[in-house]
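Down below is the structure, laid out as structure tokens.
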Amino acid sequence: MNAQTLIDTASALVAGDKGLLAMDESNATCNKRFAALGIPQTEAARRDWRELIVTAPGLGESISGAILFDETIRQRTDAGKPFAQALSDVGIVPGIKVDMGAKPLAGHPGETVTEGLDGLRERLAEYAGMGARFAKWRGVIAIADGPGAGLPTPACIDVNAHALARYAALCQEAGLVPIVEPEVLMDGGHSLARCAEVTEEVLHRTFAQLLAQGVLLEGMLLKPNMVLPGEKAATQDSVEAVADATVAGLLRAVPAAVPGVAFLSGGQSAQLASARLDAMNTRHKSRLPWALTFSFSRAVQQPALDAWKGDAANVAEAQQALVFRARCNQAARRGGYDAKRDAPR
Ligand code: 13P
């Protein structure tokens, strides 16, 4: 492991006011989003969509790194350039999702453990050879309260934290910066306070494993959920309350040696994701030991996908929508997003 390379890559990914773009949807997830818009669910259509993203004019001005899926890192632009190369050429660091998805956790109904550790050392070497400089692994934690339920269980939190740390150590051995993504889902009717409690516990357990397994904190990034009320909760808290609860939990659980925290969007609307990130940076900037930025998929891509609809005639309009959302989040990172106008100030 070359520690300085890891530190340099991690720092570059969160430098200035840029953020990351997650474009690493599995084929199943990508197809589901395509199906909702009547777009063919084929490898060719997925390639067309990823080409639209990678070649969007000006994307590198607001995006520091892009996370690819296995199929995508093996594909090329119409001009014949591998996507990873096309990204590098516009100053965007290519990364790769390396987990194999969340699978049912034995003996724990309603809970999952993320798989993909077997053979990971070899896969990381292959991805590094294809130009990837960082990686991502997502653990998934569901909240379910009420009689007899009581999720998450400690077992679910622990197995996912353990796997995240095993993945992160293997990444660093291979010279790739691990993005550690423990996602507490927003599905359900739980309160903001319940999400705060679970998120903090998950982060404590995850960092305990990262430390126990010798992961270099300066050479990794954290990709957490924001602390939110469940999407079906009767009380939907204000942007400011979400920002305050999220920052409070992170300050308690994330060591200052970590260079950056880059949020997932998790099903929030594009506008709310921008407004909440902006509020965190506006209200708390001087207290933050790490960069607070974004690594959104849906909150950056969805408006562009809605504009594209699989039609080549809509490519330019979709690219503009994509870059606009990236710019809104770039503004949010520096506390310069105007939520009323939904635009950078
Ligand atoms: P969302 O921003 O759509 O939650 O996706 C981020 C991600 O990378 C999920 O793993």
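Overview of values
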quantity: Theoretical ellipticity at 222 nm over the chain - DSSP helices of four or more residues, -39500 (n - 2.57) apiece, nearest 500; calculated: -14000 deg cm²/dmol
quantity: C-alpha center-to-center spacing [the stretch 236-285, the stretch 1-74] in angstrom; calculated: 22 Å
quantity: Positive minus negative residues near Ala291 (Lys, Arg vs Asp, Glu; Cβ under 11 Å); calculated: +3
quantity: Alpha-carbon Debye profile of the stretch 1-120, log10 I(q)/I(0) at 0.10, 0.11, 0.14 Å⁻¹; calculated: -0.39, -0.47, -0.73
quantity: Solvent-accessible surface (1.4 angstrom probe) belonging to Cys156, in square angstrom, nearest 10; calculated: 0 Å²
quantity: Over the stretch 63-145, equivalent-ellipsoid semi-axes from the Cα gyration tensor in Å; calculated: 31, 14, 10
quantity: Hydrodynamic radius (Kirkwood) for the stretch 76-119, which is based on Cα pairs only, to one decimal in Å; calculated: 13.3 Å
quantity: Cα-Cα separations in the chain greater than 27 Å, expressed as whole percent; calculated: 42 percent
quantity: Convex hull per residue volume in Å³, alpha carbons only, for the stretch 1-71; calculated: 109 Å³
quantity: Reciprocal mean inverse distance between Cα atoms of the stretch 26-65 - Kirkwood radius, Å; calculated: 11.2 Å
quantity: The stretch 135-273: relative contact order in percent, alpha carbon pairs under 8 Å with at least 6 residues between; calculated: 27 percent
quantity: Relative contact order (%) - criterion: Cα under 8 Å, at least six apart; region: the stretch 299-345; calculated: 28 percent
quantity: Value of relative contact order over the stretch 72-225, rounded to a whole percent, pairs C-alpha under 8 Å and six or more apart; calculated: 22 percent
quantity: Cross-link pairs Lys97/Lys285; Lys285/Lys340; Lys81/Lys223; Lys18/Lys97; Lys18/Lys223; Lys97/Lys340 - those with Cα-Cα distance over 25 Å; calculated: Lys97/Lys285; Lys81/Lys223; Lys97/Lys340
quantity: Computed over the stretch 110-184, Cα set: Rg, Dmax in Å; calculated: 14.6, 51
quantity: Under the Debye formula (equal points on every Cα, no solvent term), log10 I(q)/I(0) of the stretch 52-208 at q = 0.08, 0.16 Å⁻¹; calculated: -0.29, -0.91
quantity: Debye log10 I(q)/I(0) for the stretch 252-331, one point scatterer per Cα, at q = 0.14, 0.19 Å⁻¹; calculated: -0.52, -0.81
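The values are calculated or read from the model by the stated rules, or taken from the named source; none is laboratory data. The model shown is predicted, which means the values in this text are computed figures rather than measured ones. Cβ atoms come from the backbone with ideal geometry, glycine included; neighbour counts cover every protein chain shown. All accessible areas refer to the heavy atoms of the entire protein, side chains included, with ligands and DNA or RNA removed. Shrake-Rupley method; radii C 1.70, N 1.55, O 1.52, S 1.80 Å.
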